[in-house]
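Undergrad: Sharing a structure here in structure tokens format.
The values are calculated or read from the model by the stated rules, or taken from the named source; none is laboratory data. Predicted model only: the values in this text are computed from it and were never measured. No Cβ is skipped: glycine too gets one built from the backbone with ideal geometry, and neighbour counts run over all protein chains shown.
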Amino acid sequence: HPGDRVLDLGCGSGILSIGALLLGASGATAVDIEENAAATATENARKNHIDPTLYRVFCGNVLEDETLCREIGDGYDLICANIVADVLIAMKQLFRQFLRPEGSLIMSGIIMERRDEVLDQLKKAGFALLEVREKEGWAAASLRIS
């Protein structure tokens, strides 16, 4: 939504966070564990004429780096995370930490065989499932803190 603050975890090329900014987000933070992905996201933001004051990119592991988590901050309106099932499950408490109370979490990159496991773990962590979409063996889900 226009004005949202967006956190893109596992940003890869930055397409989700850059797209959010192009659609009117007030700011976005992108994070990836791979240096090449963080550099690519930064370059793609430049190519799309994104105001650098609205876009922060970090390279690091949020599961192991508390300093990085503090730098990322909290109060995000939307988190998008296109990451494998094990990492999504491991991040369940971090999602709660980063989101504002009414914020939304959109997860994708979930192989169908692991869909129920991932969703059950997020529900146990206090998330309410809003929607699930499936295509070609993959699932995506939208959730909110319940």
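Undergrad: Residue under question is Arg100, and the condition is that it be closer than 16 Å to Leu7 by Cα and modelled with pLDDT of 95 or more; does it hold?
TA: yes
Undergrad: Can you find a residue in the range 98-119 that is within 17 Å of Gly75 (Cβ to Cβ), assigned to a helix (DSSP H, G or I) and either of a type in the set (Val, Ile, Thr) or under 11 Å from the mean Cα position of the chain (by Cα) (or both)?
TA: Yes.
Undergrad: Just the residues that are touching a helix residue (DSSP H, G or I) at 6+ places or on another chain (Cβ under 7 Å), under 22 Å from Gly109 (Cα atoms) and surrounded by fewer than 22 Cβ atoms within 10 Å (Cβ to Cβ), please, taken from the range 30-54.
TA: Of everything in the range 30-54, just one residue is touching a helix residue (DSSP H, G or I) at 6+ places or on another chain (Cβ under 7 Å), under 22 Å from Gly109 (Cα atoms) and surrounded by fewer than 22 Cβ atoms within 10 Å (Cβ to Cβ), namely Asn44.
Undergrad: Right, something else. In the range 1-24, what count of residues is obtained for those that are of a type in the set (S, T, N, Q) and either more than 12 Å from Leu78 (Cα to Cα) or surrounded by fewer than 24 Cβ atoms within 10 Å (Cβ to Cβ) (or both)?
TA: Qualifying residue count, the range 1-24: 1.
Residues are listed down the side, and each one gets a yes or a no for (1) surrounded by 14 or more Cβ atoms within 10 Å (Cβ to Cβ); (2) modelled with pLDDT of 95 or more; (3) within 29 Å of Arg70 (Cβ to Cβ):
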{"site": "Val87", "(1), (2), (3)": "yes, yes, yes"}
{"site": "Lys92", "(1), (2), (3)": "yes, yes, yes"}
{"site": "Ile106", "(1), (2), (3)": "yes, yes, yes"}
{"site": "Ile111", "(1), (2), (3)": "no, yes, no"}
{"site": "Asp116", "(1), (2), (3)": "no, yes, no"}
{"site": "Ala128", "(1), (2), (3)": "no, yes, yes"}
{"site": "Arg133", "(1), (2), (3)": "no, yes, no"}
{"site": "Glu136", "(1), (2), (3)": "no, yes, no"}
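Undergrad: Could you give me the residue pairs with C-beta distances under 6 Å whose first residue belongs to the range 22-41 and is assigned to a strand (DSSP E or B), whose second residue is of a type in the set (D, E, K, R) and surrounded by 14 or more Cβ atoms within 10 Å (Cβ to Cβ) wherever it lies, and which are 6+ apart or on separate chains?
TA: As it stands, the answer is Gly27/Arg5; Thr29/Arg56; Ala30/Asp8, since those pairs meet every condition given.
Undergrad: Still on this structure, please answer the following. Out of all the residues in the range 27-41, which are farther than 21 Å from Leu63 by Cα and under 16 Å from the mean Cα position of the chain (by Cα)?
TA: Gly27 - this is the single residue of the range 27-41 that is farther than 21 Å from Leu63 by Cα and under 16 Å from the mean Cα position of the chain (by Cα).
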